[in-house]
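**Student:** The structure that follows is given in the form of structure tokens.
The values are calculated or read from the model by the stated rules, or taken from the named source; none is laboratory data. Note that the structure is predicted; figures quoted are calculated from it, not measured. Please note: Cβ atoms are built from the backbone with ideal geometry, for glycine as well, and neighbour counts cover all protein chains shown. Calculation scope for accessible area: heavy atoms of the full protein, side chains included, ligands and nucleic acids excluded. Shrake-Rupley method; radii C 1.70, N 1.55, O 1.52, S 1.80 Å.
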Amino acid sequence: MAHTDAQSHWLMQGIPRWHQVLPICLGLLSYPYSMFVGLLGLLSLSIWQTLRSPKAIFFTLFNSGLIAIAVLMVISSSQAVYPGEAYLQLAHFLPFFWLWACLTVYLQQTLHPWAQIYRWTVVLVLAAVPINLVGIVEYLLKLAPNPALLPYFPLIDWLYLGDTDILRAYSLFDYPNTLASYLTLILGLNLGLVFLEGQETPWGRQSTLSLWLIRANVLLTLGCLFASGSRNGLLAAIALIVVSLLRMRTNRWVRLLGLAGLALIVVTTLSFGVAGRSVSWSWVTDDPRIQVWRLAWQMFLDEPILGQGLGNYKLLYNGEIPLYTYIAHAHNFWLTLAAEAGLIVTVLFTLAIGLICYRGCRALMSLKPAVSHHALLMGYCLAFLGIALFSLLDITYFEARVNAVTWLSLSVIAASPVLSQKINH
């Protein structure tokens, strides 16, 4: 009998104990260089879960439509103007489809999934605290008379990838907008943890230091978003705070924290711009994105079915927009996908992800009586909403950390209908 119980436990948890390994991987994922160790951990889980439940993985991918989308992407790449680049760009999609399926099945099969999701959230949020501090300090140093000294601080010389001539903060990322998109994800998760305050949770209690860091990190994230100079990142942050305040039950200090965050964004933006970048109506009317979108639309009309090929936008761009010799993408996920992969892939991808989110929202509504679970899932819904809003004006899925946390969030949302049924019954 004891042997049977041990075997059952092994089948549910696996070797190594993924509920202990995954939080470490996610913590390492947040930083340069160590993120490769975190990605290796996620890869190891995906291989283990595929060997353990190959049929479940296959049918999760098949039923979601992601296998069909993957096949169409490969066909599109074979017909691309520059097929080599298109095949290379598949790395930003196909492995993450697989990771999403593996994480979804893992959550549906593992013991105590909500406790694990909670730990994932806490680790990702706390790991973002140094990123925010580095970004804010970097911004303040760039305001100093000699910002060129910035890369020569201890440890910064090999971690820093930014440009000292630009006021915007890079923190530990290669570009301010990439930093902003990651922080948008973290802000959503952070808000979910904030709304857990005062609730009885079955997952244990955090230390006093962790609780204060979680609370303070909301304002730190907003401050680092401002330092990054990402105007669409701040717009997404405002939307997340407004949605969370409207949807979640809040006590007075949480409401005050949310209102303080909104006031911080509005006052600093209107008074000082965003990291040296002005905010005015001309941002809407004269922004080069409008011309970038027109070019993407023309590329789509030239090849509407299979597209020009993933990653081919930047190679086909010939300086059509004055003062811009190079533009990497169409600064809108859907326009980029339509121009590069075609109409069928864009429609199917949107429908597939939309259906996952719809089912997740239904699960979220069913969890309202379970307040702590509702708040936790709400954090992942806010995170995915944030990155979706960000993708309306920019694209950062080329960064593995952003991509991994995005698909992790979607896996929690995808698994939530099954997980919520177990709670409600």
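**Student:** How high is the relative contact order of the range 18-424? Use alpha-carbon pairs under 8 Å, at least six apart in sequence, and give a whole percent.
**Tutor:** Dividing the mean separation by the residue count of the range 18-424 yields 23 percent.
**Student:** Normalised by the residues of the range 44-144, what does the relative contact order come to in percent, with Cα pairs under 8 Å and at least six apart?
**Tutor:** Taking the mean separation of contacting Cα pairs over the length of the range 44-144, I get 32 percent.
**Student:** Next up: With point charges of +1 on the Cβ of Lys and Arg and -1 on the Cβ of Asp and Glu, referenced to the Cα centre of the range 18-424, which listed residue (LEU94, LEU355, ASN318) lies farthest in the positive direction of the dipole?
**Tutor:** Result: LEU355, furthest along the dipole toward the positive end.
**Student:** With point charges of +1 on the Cβ of Lys and Arg and -1 on the Cβ of Asp and Glu, referenced to the Cα centre of the range 18-424, which listed residue (TRP212, GLY65, TRP297) lies farthest in the positive direction of the dipole?
**Tutor:** Final value for the positive-end residue is TRP212.
**Student:** Let me ask something else. For a protection proxy built on the mean count of beta-carbon atoms within 10 angstrom, sort 352-364, 396-408 highest first, please.
**Tutor:** Highest-to-lowest ranking by the protection proxy: 396-408, 352-364.
**Student:** Skip the ligands, DNA and RNA, and give the accessible area per residue of the range 18-424 with a 1.4 Å probe, whole Å².
**Tutor:** Counting only protein heavy atoms, the per-residue value for the range 18-424 is 43 Å².
**Student:** I've got another one for you. How do the peptides 327-338, 52-63 rank, highest first, by the average count of neighbouring beta carbon atoms within 10 Å per residue?
**Tutor:** Details: 327-338: 21.8, 52-63: 15.4.
Listed from highest to lowest mean packing, they are 327-338, 52-63.
**Student:** Separate question: Which of the lysines could a cross-linker bridge to LYS422, judged by Cα under 26 Å and excluding same-chain residues fewer than eight apart?
**Tutor:** LYS422 reaches LYS55, LYS368.
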